[in-house]
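First comes the structure, then the notes that go with it.
The values are calculated or read from the model by the stated rules, or taken from the named source; none is laboratory data. Because the structure is predicted, anything quoted here is derived from the model rather than measured. Methodologically, a virtual Cβ is constructed for each residue, glycine included, from the backbone with ideal geometry; neighbour enumeration extends over all protein chains shown. Please note that ligands, DNA and RNA were not included when accessible areas were found on the heavy atoms of the full protein model with its side chains. Shrake-Rupley method; radii C 1.70, N 1.55, O 1.52, S 1.80 Å.
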Amino acid sequence: MINSAPSWADGPLLAFDLETTGTDTTQDRIVTATVISIVPGRAPDVRTWLADPGVEIPDGATEVHGITTEHARQHGRDAAEVVTELAEALAELWCPTTPLCVFNAPFDLSLLHAELRRHHGRDLDLAGPVVDPRCLDKHLDRYRRGKRTLGDLCTHYRVRLEAAHDSASDALACARLAWRLAKAYPAKIGSRPLAELHRDQVGWHRADQHAFADHLERLARRVEDAAEVDKLHRRAAEVRAKAKGWPLRSPQPVPAPRVSGQTGYWPKLEERLSRELENWIATNPTTFCGSVRLPAGADTRTEHALAFYSVDHRTQCPQTSQCRVLLELLEHGNVAEARALAEHLAAGA
């Protein structure tokens, strides 16, 4: 039954998908990409790209998406230009009130992040919340047997998927899945504020990965072959190390306001407010969090603010509650309240 309660799913959505040369997010390349803007009352605005990845497309990848090396070289555009346009398309419409729907977000976003670094020496700017139907489904129906590919989930939730492994079809199906889950689970998904749903998925992903690592370690205790035991333990350690990697597999800072000269923090605040906030926090960052460690010789406000933002204030500091409240005020755009709290904490030092 589809619930009609108000939901973020009724507002603007963005959908994103890549087809690639393989499954290694650090080494493989983009072949095709799609960004779809979905606004109620309008036809979806679909933008697609075909890139010449600059490397051979393995036969196994071609079997998945149908693009050969020869076709990409003849018809594809320069990879650096495609990566630039992709990032620009996302930055144009992705914001705290317009979520980006990505199936298996750590793969697609991490690969785009790596491509941006490869071609332009910069990071992917996470400009707003991510909604990942794969992550949502694993939390909502944890013990369901079977695979959880996009095609499998579309079948399970009765969502239309026109052509699997076509980036445009996959992106549109991902948005449909996100809408379906929001309406089917209004309390858990659909009515959650987007910033909170984003943080929920970070935690759900971490819990899922730790559970998988526990499973691998249990398997290791039943195996007699020493080499296999070592392999399972190493795999478990790798899974745990990547557990925080959502929606990017490389570790990211706690979402926080932008600091002058930096990118990658969410949500976006006006530059003027960002500079003021930097000043408030940098007056004495250790006032708010006993875990802040200023680097040797740090004597600028920016260095102090960076030290504050580098701490995971939700799990790693004794003043977890006050730091969390401060950051959550900022993530919801309540800058005036955040300033008042910062000044109050500083006054009570």
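Please indicate, with yes or no, whether at least one residue in region 142-149 is surrounded by 13 or more Cβ atoms within 10 Å (Cβ to Cβ), under 22 Å from Asp108 (Cα atoms) and touching a residue at least 40 places away in the same chain (Cβ under 8 Å).
no
Residue-wise test of (1) β-branched (Val, Ile, Thr); (2) in contact with a strand residue (DSSP E or B) (Cβ under 6 Å, 6 or more places away or on another chain); (3) over 22 Å from Cys174 (Cα atoms).
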position: Gln74; (1), (2), (3): no, no, yes
position: Leu90; (1), (2), (3): no, no, no
position: Pro99; (1), (2), (3): no, yes, no
position: Asn104; (1), (2), (3): no, no, no
position: Phe107; (1), (2), (3): no, no, no
position: Gly121; (1), (2), (3): no, no, yes
position: Arg134; (1), (2), (3): no, no, no
position: Leu140; (1), (2), (3): no, no, no
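With respect to Arg134, is the statement that it is among the charged types (D, E, K, R), modelled with pLDDT of 95 or more and within 17 Å of the chain's Cα centre (by Cα) true?
When the stated conditions are applied, Arg134 passes them.
Select from region 75-103 the residues that are open to solvent by less than 40 Å² (accessible area, probe 1.4 Å) and either free of Cβ contacts under 8 Å to residues at least 12 places away in the same chain or among the small types (Gly, Ala, Ser) (or both) and list them in ascending order.
Gly76, Ala79, Ala80, Ala87, Ala89
Is it the case that some residue within region 140-155 is among the charged types (D, E, K, R) and closer than 30 Å to Asp45 by Cβ?
Yes, region 140-155 has at least one match.
Answer yes or no: is there a residue in region 168-175 that is among the polar types (S, T, N, Q) and modelled with pLDDT of 95 or more.
yes
Please go through region 52-87 and give me each residue that is under 17 Å from Asp17 (Cα atoms) and hydrophobic (A, V, I, L, M, F, W, C), ordered by number.
Ala61, Val64, Ile67, Ala79, Val82, Val83, Leu86, Ala87
Please go through (1) without any contact (Cβ under 8 Å) to a residue 40 or more places away in the chain; (2) more than 18 Å from Asp200 (Cβ to Cβ); (3) outside any loop (DSSP other than H, G, I, E, B) for Leu172 and return the number of the only condition it doesn't satisfy.
(1)
Among the residues of region 134-141, is any assigned to a loop (DSSP other than H, G, I, E, B) and farther than 30 Å from His156 by Cα?
No, region 134-141 contains no residue that is assigned to a loop (DSSP other than H, G, I, E, B) and farther than 30 Å from His156 by Cα.
Could you say whether any residue in region 104-114 is surrounded by fewer than 17 Cβ atoms within 10 Å (Cβ to Cβ) and not β-branched (Val, Ile, Thr)?
Checked against the condition, which is being surrounded by fewer than 17 Cβ atoms within 10 Å (Cβ to Cβ) and not β-branched (Val, Ile, Thr), region 104-114 yields no hits at all.
Determine whether region 179-186 contains at least one residue that is farther than 28 Å from Asp10 by Cα and buried (at least 20 other Cβ atoms within 10 Å of the Cβ).
The first filter runs over region 179-186 and keeps only residues farther than 28 Å from Asp10 by Cα, leaving none.
Within region 179-186, not a single residue is farther than 28 Å from Asp10 by Cα and buried (at least 20 other Cβ atoms within 10 Å of the Cβ).
I'd like to check something: does region 104-124 contain any residue that is without any contact (Cβ under 8 Å) to a residue 60 or more places away in the chain, within 13 Å of the chain's Cα centre (by Cα) and within 27 Å of Ala72 (Cα to Cα)? Reasoning before the result, please.
The initial filter retains those residues of region 104-124 that are without any contact (Cβ under 8 Å) to a residue 60 or more places away in the chain, namely 104, 116-121.
Among the residues that remain, those that are also within 13 Å of the chain's Cα centre (by Cα) are: 104.
Those left that are additionally within 27 Å of Ala72 (Cα to Cα): 104.
Scanning region 104-124, I find at least one residue that is without any contact (Cβ under 8 Å) to a residue 60 or more places away in the chain, within 13 Å of the chain's Cα centre (by Cα) and within 27 Å of Ala72 (Cα to Cα), so the answer is yes.
Does Glu238 qualify as being modelled with pLDDT of 90 or more, among the acidic types (Asp, Glu) and either part of a helix (DSSP H, G or I) or open to solvent by 70 Å² or more (accessible area, probe 1.4 Å) (or both)? So that I can check it myself, show each step before the final result.
Details: modelled with pLDDT of 90 or more: no; among the acidic types (Asp, Glu): yes; either part of a helix (DSSP H, G or I) or open to solvent by 70 Å² or more (accessible area, probe 1.4 Å) (or both): yes.
No; evaluated as a whole, the condition is false for this residue.
Have a look at Val159, Val131, Val239, Val202 and point out the one that is of a type in the set (Val, Ile, Thr), in contact (Cβ under 8 Å) with a residue 24 or more places away in the chain and under 27 Å from Ala43 (Cα atoms).
The conditions single out Val131.
Gly146 fails exactly one of the following numbered conditions: (1) at pLDDT below 95; (2) on the phi < 0 side of the Ramachandran plot. What is the number of that condition?
If we test Gly146 against (1) at pLDDT below 95; (2) on the phi < 0 side of the Ramachandran plot, just (2) comes out false.
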